[in-house]
Amino acid sequence: MVVAGDGAHVPTRKQAKSRSEKRGPGEWREAKGFRIYMVGQDRITQIMSWHQIGNEEEFGEALKYAATLIPVEKVRVALLGDGAKWIWNQLKAAFPEGKEILDYYHCSEHVHKVANVQYGEDDYEKVFWIESVMARLNFGEVESVIWGLNRMKPSSKEAEEEIRKLIEYLKSNAHRIDYAAFKRGQYPRGSGGIESANKFICHVRMKRSGAWWYVINGNHMLKLRCAFYNETFDEVFARYKRLNR
C-alpha cells in the first residue's frame, strides 16, 4: 500500500466583505493532499484521496484519521514524497512503520539542475555526470555522491549554490534513497499516483481559465472532487440532503 503526499498550487482570492468592495489581487495557495492506493501486478487500486487548501496541521489531522481506517498490520506501507519537510513530518506521524521512499524523479530533477549550471552546453560531460550520479544513487551510495560533490570545482557562483543545495538535499534524504533495494522489495519509486491526483482533482477543475477561488468555496469544490474519485459522492450528497431538509 502506498501513501503519497504532495501539494498543488491553485488560484485563490481574498473574500470581499461586500459586492462593492474591491477584492484585490489574487494569490496562488497550496492545496495539500494525499493519495492512498494499492499497487498490484498490473494495476493501481484507489483507496482514498484528500485535498484541501490549508496548512500542515490540517493535512496531518486528515492523514492520521485516514490511518485509523486502514488495517496497517495487514499490508506493507510505502511512504512516497519529494523533499518537502512538511510532507515527511506528517507521513511519519501517521504511518510510523512505513518505508520512506524519496520520489526518484524529484531526486533526478535536482541532479539535472546541478549538471545544467555546472556543465552548460557541454552535453557529453553533462550526460556522463548525471548518469554516474544516478547510478550510484540507485544503489544507495549517497555518501559517495556527496563526497564527489564536495570535491567538485564550481564553474560559477550559481553552480556553487546549486551544488550546496544538492548536498543538503541528499543529506536530509539519505535514508530514503536506495532505489535498487526498493525495486527488489517491489516498492514503487515514483510519485506518479499523487501527481495524477493533483491533476485530476485540483488542476483540471481549479485552474480553469479566469478562475479565482475564495478558499472556502475552493475547499468545498475539492471535497466534491475527492468524493467523486473516492466513489463516495452519492453517500456525501445523500448526507447533505438529510442535513439540509
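Of the chymotrypsin sites (Phe, Trp or Tyr not before Pro) found in segment 89-152, those in coil by DSSP whose Cβ has at most 14 other Cβ atoms within 10 Å are PHE139.
Classify segment 165-230 from the C-alpha gyration tensor, please: rounded if a/c falls under 1.5, else prolate or oblate depending on whether a/b exceeds b/c.
Values: a/c = 3.46, a/b = 2.02, b/c = 1.71.
Note, shape of segment 165-230 comes out prolate.
For LYS223, the lysines whose Cα comes closer than 17 Å to its Cα, not counting residues fewer than 8 places off in the same chain, are LYS32, LYS199, LYS207, LYS241. The helix-based estimate of mean residue ellipticity at 222 nm for the chain, built from -39,500 (n - 2.57) per DSSP H run of four or more residues and divided by its residue count, is -15000 deg cm²/dmol to the nearest 500.
Qualifying GluC sites (Glu not before Pro) in segment 172-245, where qualification requires a DSSP coil assignment and no more than 14 other C-beta atoms within 10 Å, comprise GLU231. Highest mean first, the peptides 78-87, 221-230 sorted by other C-beta atoms within 10 Å per residue fall in the order 78-87, 221-230.
The fewest-to-most ranking of ASP234, ASP122 by surrounding Cβ atoms within 10 Å reads ASP234, ASP122.
The candidate values are [x] 24.0, 73; [y] 19.0, 57; [z] 21.0, 71; the one derived from this structure for Rg and Dmax of the Cα atoms in Å carries the label [z].
Read-outs: derived from the displayed coordinates by stated rules, not from any lab. Since the structure is predicted, the reported quantities are computational estimates derived from the model, not experimental observations. Cβ: placed from backbone, ideal geometry, glycine included. Neighbour counts: every protein chain shown.
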